[in-house]
1. When the helix-only estimate is applied to chain A (DSSP H runs of n ≥ 4, each -39,500 (n - 2.57), divided by the residue count), what is the mean residue ellipticity at 222 nm, nearest 500 deg cm²/dmol?
2. What value, in deg cm²/dmol to 500, does the helix sum -39500 (n - 2.57) over DSSP H runs of n ≥ 4 give at 222 nm once divided by the residues of chain B?
3. Can you give the FRET efficiency to the nearest 0.05 for residue B:183 and residue A:223, using r as the Cβ-Cβ distance and R₀ = 45 Å?
4. Quick one: Debye curve from the C-alpha atoms of chain A, no solvent, what's log10 I(q)/I(0) at q = 0.09, 0.10 Å⁻¹?
5. Any idea what the alpha-carbon Rg over 2.2 N^0.38 Å comes to for the protein assembly as shown?
6. With the crude spin-label approximation of a point 7 Å out along Cα→Cβ, what separation in nm comes out for residue B:199 versus residue B:60?
7. Take the Cα atoms of region A:87-191, find their three principal axes, and give me the spread along each one in whole Å, biggest first.
8. Can you give me the accessible area per residue for chain B, using a 1.4 Å probe, in Å²?
Amino acid sequence: MKPVLDVNQLTMDFGGLRALDHIDLQVHPGEIVALIGPNGAGKTTFFNCITGIYAPTKGDMFLTRPQGEPKRLNGLKPNRVTERGMARTFQNIRLFQNMTVLENVMIGRHCRLHTGIPGAIFRPPASRREEKEVVADSYAMLEKIGLTRYVNEFAKNLPYGAQRRLEIARALATEPFLLLLDEPAAGMNAQETKALDELILRLRSDMKVSILLIEHDMKLVMSLSDRIYVVDYGKKIAEGNPEEIKSNPAVIKAYLGEDIDA
Amino acid sequence: MITLQEIKKSFLVSLWFMFLTFPIMVIKVNTIEQTIEWRWWWMAAVGLGAFVLSFFWRIAIARKEAGKKKAEVSGEEKIALIPRLMSNPRFYIPGLVATVALVVIFPFVFSMYQTNILITALIYVVVGLGLNIVVGLAGLLDLGYVAFYAVGAYSYALLNYHFGVTFWMALPIGALLAFLFGIMLGFPVLRLRGDYLAIVTLGFGEIIRLVLENWNAFSFGPSGIANIPKPGLFGLKLSLQQSSIFIYFVMIGLALMTIFVVRRLQDSRIGRAWIALREDEVACQAMGIDKTRTKLSAFAMGATWAGMGGVVFAAKTTFINPTSFTIWESVIILCVVVLGGMGSILGVIIGALVLILLPEYLRAFSEYRMLVFGALLVMMMVFRPGGIVSGVRRIYKFEGLQNKVDS
Ligand SMILES: Nc1ncnc2c1ncn2[C@@H]1O[C@H](COP(=O)(O)OP(=O)(O)O)[C@@H](O)[C@H]1O
Ligand SMILES: [Mg+2]
């Protein structure tokens with residue numbers, strides 16, 4: 001099968017700084033792939049490039065819906081990328097703070113709905129039906145992620161772990177087949193991390209999404225990932241399954257002083 | 001709460017004020033007798049006044065901080081008084097009945113002068129609700145909003161002058177033209193945010209005004225356009241008073257329509273997208289919202305209401321010229337939105353009534369009018385930064401939710 005995400009020779013320069021240096025990366029259908037590396041290695045920049053927030057200096061990016069044709073991502077706006085079926089979360093939580101939890105998820109549904117300004121004002125039957133559906137669907141999503149108790153709370157009033165889960169729920173509401181998670185476990189305690197581990201596996205089995213995640217929690221990475229890519233100073237230094245990565249001398253060197261088994 | 005520290009700080013403030021005001025308050029040169037009077041009493045008054053004011057200011061701030069902490073500890077924000085009353089049928093039904101009654105009888109009970117003031121206030125309600133879409137919902141700080149108001153007013157004035165277009169025809173045309181201008185202005189400022197957006201829109205507003213002022217052949221320049229007809233009622237001949245009453249009810253109708261539309265918009269797919277854009281532009285785009293379309297739609301919808309307000313304004317005053325459309329007007333409309341409460345319909349209505357009616361009735365103190373006005377705004381921003389009524393989001397009810405929470 002074709003990879004759902006196929007990135008070739010992706011390069012990103014910020015002025016004189018080369019944040020990404022000819023990176024190749026693939027995610028295959030149903031895979032959980034991790035992208036790891038020290039702080040400042042360029043992981044978030046990689047996400048920003050493939051989701052259209054940054055325009056990469058060089059390289060090609062293709063997204064392939066399962067049983068579909070590859071679509072080139074270069075030059076697409078972020079909202080187009082999301083429409084094509086790739087959604088993401090952010091390292092520094094970027095929820096809509098003054099909207100309720102339910103509304104945050106409803107925003108995720110936006111690109112799958114059609115009501116425009118006339119529809120909003122006159123509310124023909126089609127718009128009414130759509131509005132009912134979006135409420136029901138968003139609520140169902142909160143049920144899946146386990147956030148129903150906060151449904152009418154402002155996002156800003158949620159505990160930290162719940163905010164991270166809400167970001168995932170919001171991204172899933174866009175109906176992606178590939179989900180990008182940027183440090184989803186950052187700031188979570190051991191219990192929350194364990195719940196996250198289960199959630200991610202459940203997403204793959206129940207919702208058939210492939211996952212590419214950036215994470216610093218090595219225990220989580222090693223237990224979840226089918227394959228791991230390691231970047232350092234914008235260059236890919238290793239790629240392989242968790243066992244191979246653990247024993248890779250280049251990786252150990254990059255993480256010198258950091259305990260990779262922790 | 002009242003510590004020695006606070007007293008000391010207030011004392012320093014009062015010293016500082018005494019020093020600053022020394023030359024104007026204490027020294028008085030008597031030019032006739034060529035002597036200098038030293039009015040030490042004034043200095044004492046300034047010192048005491050500054051001390052007392054600063055002290056109460058500090059106490060108020062401290063109380064506000066304490067209140068905030070308490071809310072954080074208890075984990076839930078107190079729902080503001082007004083929305084709470086609004087959601088209780090025992091209060092809002094009698095309230096609504098009383099309001100409707102007052103609105104209907106107002107022009108028959110009060111003088112034409114009062115009615116005219118209220119018409120102005122209602123125009124600001126409509127225009128304020130329009131700007132509320134742009135600033136309150138979509139979070140785009142637009143300081144050139146009055147330009148669309150001018151577009152509406154001049155559409156009616158010029159179309160009537162050249163082609164004899166009536167008020168009722170001009171109302172949709174003015175709205176449409178303002179809508180188009182909203183899109184036109186929206187395009188160049190799509191990439192801008194915050195301060196930059198504010199400055200550029202301010203520039204646009206001024207450009208429109210300067211064009212109106214200098215393009216004599218088109219807009220008759222500073223001398224403006226006079227004899228604009230008031231709205232007609234099936235060709236009846238109305239006296240001055242009757243036509244005031246008629247405009248009043250036209251404005252009530254227009255305001256109700258605006259409220260209806262804005263309410264529907266803000267709880268729709270489009271309205272949610274506007275708010276998401278305000279909350280976080282990057283996340284909003286990443287969630288699949290087309291930033292360009294969303295921004296343009298907010299600008300255009302906001303402009304539409306300004307256009308309609310402008311048409312009514314032209315009809316009400318029967319004379320317009322560019323001085324009605326200065327930056328000051330944009331600022332007042334913005335104040336209506338900010339003071340009332342960004343994103344809140346009720347807030348904007350209250351804001352418009354307060355900001356337009358207050359200065360009218362403060363005419364007695366006309367010299368200090370702007371001072372009171374300014375002080376009021378500063379106090380509001382410090383103590384209620386969310387405005388008089390802060391925006392509340394819709395609560396959705398789900399069956400069985402309660403049980404799930406308890407279990
Ligand atoms: N918008 C930007 N402008 C300039 N430099 C940037 C920008 N975004 C990221 N960088 C730089 O790129 C490098 C990689 O950053 P990032 O992708 O955030 O690392 P991380 O792997 O920790 O997520 C860092 O040196 C960072 O300073
Ligand atoms: Mg990062």
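The values are calculated or read from the model by the stated rules, or taken from the named source; none is laboratory data. All figures in this text were calculated on a predicted structure; none of them were measured in a lab. Methodologically, a virtual Cβ is constructed for each residue, glycine included, from the backbone with ideal geometry; neighbour enumeration extends over all protein chains shown. When the accessible area is computed, the model is the full protein with side chains, heavy atoms only, and any ligands, DNA or RNA have been set aside. Shrake-Rupley method; radii C 1.70, N 1.55, O 1.52, S 1.80 Å.
1. -11000 deg cm²/dmol
2. Calculated mean residue ellipticity at 222 nm is -23500 deg cm²/dmol.
3. 0.30
4. The Cα Debye sum returns log10 ratios of -0.42, -0.51.
5. 1.16
6. Taking the simple label geometry, residue B:199 and residue B:60 are separated by 3.3 nm.
7. Sorted from largest, the Cα extents of region A:87-191 read 49, 28, 21 Å.
8. 53
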